[in-house]
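Taken together, the values in this text are just the output of simple stated rules run on the coordinates, not laboratory data. Here the structure is a predicted model, which means the values were calculated and not measured. All Cβ positions, glycine included, derive from the backbone under ideal geometry; neighbour counts span all protein chains shown.
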Amino acid sequence: MGNFSLLILSAGFGKRMLDLTHNLPKPLLKFKKQILLNNTIEFFQDIGCDEIFINTHYLHEHFEKHIHKVLYDKPVKLIYEPKILGTGGGVKNIFNYTKNKNICVVNSDIFWKQENKIDIINFIQDLHDVTYCKILLSKKNNFYGLNKSKGDFCLKNNIVTNWIDGDEVIYYSGLQIVSKKIFNSTAKSFSMNDMWNNLIIDKNLNGQLLESKIMHIGDKYSYDNL
């Protein structure tokens, strides 16, 4: 798989990682001797991504210094949000900078490993055919760094619905494919969760399960113990 665009969501404040993120944005923290942002960029460039965007807001100047001193395989573009747009608004804004109608969007707190590559290649192989949005999901026993009894979603016949008590516990992995068309009538600043809920109502949110184990570095406990 090659020739696709990726947005790495990096505008957040990293509040669950304080005090580690008091002077440094979470994507620039080092985990297992590798900076989280570098891990994501290198992983996706290795499977063919040729256009990477990073949206920034909190401590954005640190991203600028970092990108200028690191040589990646392909150019990496920073998109600064003077006023934070939320996850949905941040994704919508990126379509002002790319010609692609469908893009991959990834959270910045996943630590990608070699064993994830086949899953991710399988997930994005129909990237340009996704009509609305497709999210990558993980069963609880494959998801490290998050321990909660309630799931995020339910998946049946590749259609995503909201999780209800009694369903198998399934989490959002942090990776999705998004079509530009879903943002036709949205506000400038909003959460991607709101968009997912609207798509669920119309049965337009698709999903896929990954088989490999995934590492989520979402808080200080996972950062210190994984």
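Things to note:
- Computed from the C-beta positions of Gln34 and Asn162, the FRET efficiency with R₀ = 35 Å rounds to 0.50.
- Greater than 19 Å apart at Cα, pairs in Lys26/Lys148; Lys101/Lys181; Lys65/Lys188; Lys101/Lys134: Lys26/Lys148; Lys65/Lys188
- Placed amide H near Phe4: partners under 5 Å, 5+ positions off or other chain: Asp50, Glu51
- When only the Cβ of Lys, Arg, Asp and Glu is charged (+1, +1, -1, -1), the dipole of the stretch 3-62 relative to its Cα centre reaches about 400 debye.
- Distance between the modelled labels on Lys148 and Asn198, one decimal in nanometres: 2.3 nm (7 Å Cα→Cβ projection).
- With both labels modelled 7 Å from their Cα along Cα-to-Cβ, the Phe13 to Ile121 distance reads 4.2 nm.
- A simple rule links phi to the HN-Hα coupling: the Karplus curve 6.51 cos²θ - 1.76 cosθ + 1.60 with θ = phi - 60°, which for the stretch 171-180 gives 10, 6, 7, x, 10, 8, 10, 10, 9, 4 Hz, with x for Gly and Pro.
- For the stretch 20-97 versus the stretch 122-167, the gap between their alpha-carbon centres in whole angstrom: 24
- FRET efficiency, 1/(1 + (r/R0)^6) with R0 30 Å, evaluated for Gln114 and Lys65 via beta carbons: 0.55
- For the stretch 4-225, the dipole from Cβ point charges (+1 on Lys and Arg, -1 on Asp and Glu) about the Cα centre works out to 320 debye, to the nearest 20.
- The mean sequence distance of close C-alpha pairs (under 8 Å, at least 6 residues apart), as a share of the length of the chain, puts its relative contact order at 25 percent.
- Looking at the stretch 153-226, the trypsin sites (Lys or Arg not before Pro) that sit in a DSSP loop and have at most 12 other Cβ atoms within 10 Å of their own Cβ are Lys188, Lys203.
- Computed helical MRE - 222 nm, the chain, DSSP H runs ≥ 4 contributing -39500 (n - 2.57), nearest 500: -6500 deg cm²/dmol
- Label of the coordinate-derived value, Cα extents along the principal axes in Å, listed as (1) 45, 40, 33; (2) 67, 58, 34; (3) 63, 36, 27: (1)
- With contacts taken as Cα pairs under 8 Å and at least 6 residues apart, the stretch 1-101 reaches a relative contact order of 34 percent.
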